[in-house]
Amino acid sequence: MGEQIKRIKRELQCKGSITDYYKDTVMLPDGREEVWDFVGHKGAAATVAVLPNGKLLMVTQYRNALDRQTIEIPAGGLKTPDEPTVEAAKRELKEETGYTCGSIEPLLTIRTTVAFCNEKIDIYLARDLEAGEQELDDDEYVDVKAYELSELEEMIYNATIQDSKTIAGIFAYKNKYVK
């Protein structure tokens, strides 16, 4: 099992606005070469935003990949691969919900689809929230609503919420901070 697979070549197939698609040629431990798909992503940040009353801010928005509305924690992609994720998390919280946070701390990091994509999302816990105005992008239509933790858990278990960053963030918050 100690034998390694080695990437020999990576070729860009398509450059997208969010991801880039590559064909990777790899050398297997037995000497054979295989071609694998790879999706490159510059990363993202998200927040579990907790109001003073304990409710969590959630956003509802249309997701083209699923062709439906989803309920998620506020999140968004990095502007550049080297943008600090804490800054992206605060920016996306403000843009999508209108809220700013007085305190923010790392909660967890996830890799969404390790079989073929390098997307990494740093998830933060945001508290001491102050309401303000949304600053949505021209193509964003986002509704904001606060939920009790128990409501969100029920939505996870009945498959209303299926987004992995949202599920991971909610349960990490519950397990670390809620007694």
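Bear in mind these aren't lab numbers, they're just calculated from the coordinates by the rules spelled out. Remember, predicted model here, so these are calculated numbers, not experimental data. A quick note on method: Cβ atoms are made from the backbone with ideal geometry, for glycine too, and the neighbour counts reach across all protein chains shown.
Kirkwood analysis of the Cα pair distances in the stretch 137-179 returns a hydrodynamic radius of 11.7 Å.
Evaluated over the Cα positions of the stretch 1-106, the convex hull gives a direction-averaged projected area, one quarter of its surface, of 10.3 nm².
Angle of helix 164-177 to the longest C-alpha principal axis of the chain, folded into 0 to 90 degrees and rounded to 10: 60°. By the count of other C-beta atoms within 10 Å, a proxy for reagent exposure, Cys101, Cys14, Cys117 are ordered fewest to most as Cys14, Cys117, Cys101.
Based on other C-beta atoms within 10 Å, arrange Thr47, Thr166 from fewest to most.
By the 10 Å Cβ count, ascending, the order reads Thr166, Thr47.
For the chain, the mean residue ellipticity at 222 nm estimated from helices alone is -6000 deg cm²/dmol, where every DSSP H run of n ≥ 4 contributes -39500 (n - 2.57) and the total is divided by all residues, rounded to the nearest 500.
By other beta-carbon atoms within 10 Å, ranking Phe38, Phe116 with the fewest at the front produces Phe116, Phe38. Antiparallel as a % of all DSSP beta bridges within the stretch 42-177, to the nearest 5? Taking every DSSP beta bridge with both residues in the stretch 42-177, the antiparallel ones total about 80 percent. Give me the angle, in degrees from 0 to 90, between the Cα long axis of helix 85-97 and the longest principal axis of the Cα atoms of the chain, rounded to the nearest 10. On a 0 to 90 degree scale, this one is about 50. What is the diffusion coefficient of the chain in µm²/s, taking the Kirkwood radius over Cα pairs and the Stokes-Einstein relation at 10 °C with a viscosity of 1.306 mPa s? It diffuses with D of about 89 µm²/s by this estimate.
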